[in-house]
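> Pasting a structure below so you can have a look.
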Amino acid sequence: MDDLLPTHLWVSAHIRAADAQGVAMTVVRKGDPSRGTVILKLNRLDRSFTVLVQTREGDGDRLFWARGTGPDPVPEADADAYIARQTRYDPDVWVVEVEDRQGRHWFEGPVR
């Protein structure tokens, strides 16, 4: 994992790419700038939310996103409660909110 971009650069690049496509993406919480894990709060702009948690498998090269709040969208209070629990457990985590009606996360890696 030493060859991976620092988290702050990786997140910034994705924010710029989404912005160029007209999609709002906001850093809600900054974690460790070098190695913090990322949590995505997907806001579909219809009062439904999905939380995705960055995960790596195998030797750390294969990135995917785990559905922290389950397969179905949840109310914002449920999404925020999940994120609060995760940030208490891992203070280095980043939280990025993505506002996209289609529910796209804009980061590489599949959702599982």
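> Testing TRP106 on (1) at pLDDT 95 or above; (2) under 22 Å from TRP10 (Cβ atoms), one condition comes back false. Which one is that?
Unmet condition: (1).
> If you don't mind, another one. I'd like to know if region 87-101 contains one or more residues that are assigned to a loop (DSSP other than H, G, I, E, B) and farther than 17 Å from THR37 by Cα. Steps first, please.
From region 87-101, those assigned to a loop (DSSP other than H, G, I, E, B) are 90-93, 100-101; that's our starting set.
When the remaining residues are screened for being farther than 17 Å from THR37 by Cα, the result is 100-101.
The answer is yes, given that some residue of region 87-101 is assigned to a loop (DSSP other than H, G, I, E, B) and farther than 17 Å from THR37 by Cα.
> Mind telling me which of the residues LEU52, LEU63, LEU42 ends up being touching a Gly at 6+ places or on another chain (Cβ under 8 Å), in a strand (DSSP E or B) and touching a residue at least 60 places away in the same chain (Cβ under 8 Å)? Write out each step before concluding.
Values: LEU52 fails: touching a residue at least 60 places away in the same chain (Cβ under 8 Å); LEU63 fails: touching a residue at least 60 places away in the same chain (Cβ under 8 Å).
Only one candidate passes the filter, namely LEU42.
> Now a separate question. Of the residues that make up region 57-71, is at least one in contact with a His (Cβ under 7 Å, 6 or more places away or on another chain) and either more than 14 Å from MET25 (Cα to Cα) or not polar (S, T, N, Q) (or both)? Full working, then the answer.
Filtering region 57-71 down to residues in contact with a His (Cβ under 7 Å, 6 or more places away or on another chain) leaves 65.
Filter once more, keeping what is either more than 14 Å from MET25 (Cα to Cα) or not polar (S, T, N, Q) (or both): 65.
Among the residues of region 57-71, at least one is in contact with a His (Cβ under 7 Å, 6 or more places away or on another chain) and either more than 14 Å from MET25 (Cα to Cα) or not polar (S, T, N, Q) (or both), which makes the answer yes.
> Do any residues in region 10-34 that are without any contact (Cβ under 8 Å) to a residue 40 or more places away in the chain have Cβ atoms under 6 Å from those of residues that are surrounded by 13 or more Cβ atoms within 10 Å (Cβ to Cβ) and part of a helix (DSSP H, G or I), where the two are at least six apart or on different chains, and which pairs are they?
PRO33/HIS8
The values are calculated or read from the model by the stated rules, or taken from the named source; none is laboratory data. Because the structure is a prediction, the values reported are computed rather than measured. All Cβ positions, even for glycine, are placed from backbone atoms using ideal geometry, and neighbour counts span all protein chains on display.
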